[in-house]
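In what follows, a structure is listed as structure tokens, so that the remarks can point back to it.
The values are calculated or read from the model by the stated rules, or taken from the named source; none is laboratory data. As the structure is a computational prediction, the values presented were derived from the model and not from experiment. All Cβ positions, glycine included, derive from the backbone under ideal geometry; neighbour counts span all protein chains shown.
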Amino acid sequence: MTADLFDGLEAAGPAREPLAPGAMLLRGFARPQETELISAIEAITAQAPFRRMVTPGGHQMSVAMTNCGPVGWVTDRSGYRYDARDPDSGQPWPAMPPLLRQLAEQAATDAGFAAFAPDACLINRYEPGARMSLHQDRDEQDLGAPIVSVSFGLPATFLFGGLKRTDKTQRHRLVHGDVVVWGGPARLAFHGVGPLADGEHAQLGRQRVNLTFRRAR
Ligand code: MD3
Ligand code: FE
């Protein structure tokens with residue numbers, strides 16, 4: 001009996017869970033293609049390894065980053081920006097694999113944002129203890145485009161606030177395969193990630209990898 005009820009829910013597609021106006025959680029959306037997606041990420045990080053960048057204030061981030069796509073997000077003592085080249089190698093960032101781009105486009109469409117065409121994919125790696133303090137993403141030219149985030153590996157506590165840094169924050173647990181689309185009134189919300197708890201993930205070991213697809217230019 002319960003099997004039939006669950007079958008019916010699965011036939012309706014993955015759960016869509018609104019977190020706030022403009023923010024839609026697609027629980028497990030990336031799971032069906034997890035193996036191919038993780039292989040694609042490994043190919044990118046072989047070409048453009050994860051590195052811990054320095055903020056304009058001179059602090060080294062606890063999260064290690066790399067990018068794929070026409071442009072990538074970078075930070076150093078001179079500021080935050082999108083750059084067509086990897087500053088460590090001087091080479092263009094690795095291309096955005098069609099599988100990754102299509103996943104982001106489909107998620108955006110399912111969440112109600114048609115014609116999302118990402119030109120940047122920032123890839124964040126959290127090891128135990130790594131965190132990201134509350135911030136807004138506003139280095140992108142087209143704030144009408146959403147950001148699509150994809151989480152793999154260890155679970156994280158995601159903090160989602162309001163348009164002011166001091167607004168109350170909601171906490172959401174994001175796990176392997178979860179996808180969230182952030183647009184409209186959620187696009188400029190403050191957000192962050194709590195310190196990663198240690199653990200062992202079957203596919204990724206002691207880490208969390210998060211991808212954010214953006215329309216930067
Ligand atoms: C809400 N990354 O790279 S993804 C970031 O898990 C970043 O690595 C976090 O924040 C991570 O900038 C969070 C979820 C996310 C991404 C962008 C957003 C939520 C957002 C932009 C606006 C509002
Ligand atoms: Fe962010």
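Worth a mention:
- Screening Asp142 on (1) closer than 18 Å to Tyr80 by Cβ; (2) within 11 Å of ligand 1 (Cβ to nearest atom); (3) surrounded by fewer than 22 Cβ atoms within 10 Å (Cβ to Cβ) shows it passes everything except condition (2).
- Yes/no for Arg165 being more than 10 Å from ligand 1 (Cβ to nearest atom), in a strand (DSSP E or B) and charged (D, E, K, R): no
- In the stretch 161-194, the residue that is farthest from Met61 (Cα to Cα) out of those that are within 13 Å of ligand 2 (Cβ to nearest atom) and small (Gly, Ala, Ser) is Ala186.
- Condition check for Leu154: away from ligand 1 (no atom under 11 Å from the Cβ), within 25 Å of Pro32 (Cβ to Cβ) and of a type in the set (A, V, I, L, M, F, W, C): yes
- Among the residues of the stretch 119-134, those that are in contact with a Lys or Arg (Cβ under 9 Å, 6 or more places away or on another chain) and within 10 Å of ligand 1 (Cβ to nearest atom) comprise Leu122, Asn124, Arg125, Tyr126, Ala130, Leu134.
- Residues in the stretch 190-217 that are in contact with a helix residue (DSSP H, G or I) (Cβ under 7 Å, 6 or more places away or on another chain), surrounded by fewer than 18 Cβ atoms within 10 Å (Cβ to Cβ) and in a strand (DSSP E or B): none.
- Residue satisfying condition, being farther than 19 Å from Phe50 by Cβ and either modelled with pLDDT of 95 or more or more than 10 Å from ligand 1 (Cβ to nearest atom) (or both), within set His176, His172, His201: His172
- Residues in the stretch 189-198 that are of a type outside the set (A, V, I, L, M) and either more than 9 Å from ligand 1 (Cβ to nearest atom) or touching a residue at least 60 places away in the same chain (Cβ under 8 Å) (or both): Gly192, Gly194, Pro195, Asp198.
- For Pro56, the test of being at pLDDT 95 or above and in contact with a Gly (Cβ under 8 Å, 6 or more places away or on another chain) is passed.
- Residues of the stretch 114-160 that are without any contact (Cβ under 8 Å) to a residue 40 or more places away in the chain, among the aliphatic types (A, V, I, L, M) and within 11 Å of ligand 2 (Cβ to nearest atom): Leu159 alone.
- Flag for Asp137 being out of contact with any Gly (no Cβ under 9 Å at 6 or more places or on another chain), modelled with pLDDT under 95 and either within 11 Å of ligand 1 (Cβ to nearest atom) or in a loop (DSSP other than H, G, I, E, B) (or both): no
- Of all positions in the stretch 202-217, at least one carries a residue that is more than 14 Å from ligand 2 (Cβ to nearest atom), without any contact (Cβ under 8 Å) to a residue 24 or more places away in the chain, more than 12 Å from Pro155 (Cβ to Cβ) and not basic (Lys, Arg).
- Looking only at the stretch 145-189, residues that are among the aliphatic types (A, V, I, L, M), surrounded by fewer than 18 Cβ atoms within 10 Å (Cβ to Cβ) and within 19 Å of Leu211 (Cβ to Cβ) come to 1 in all.
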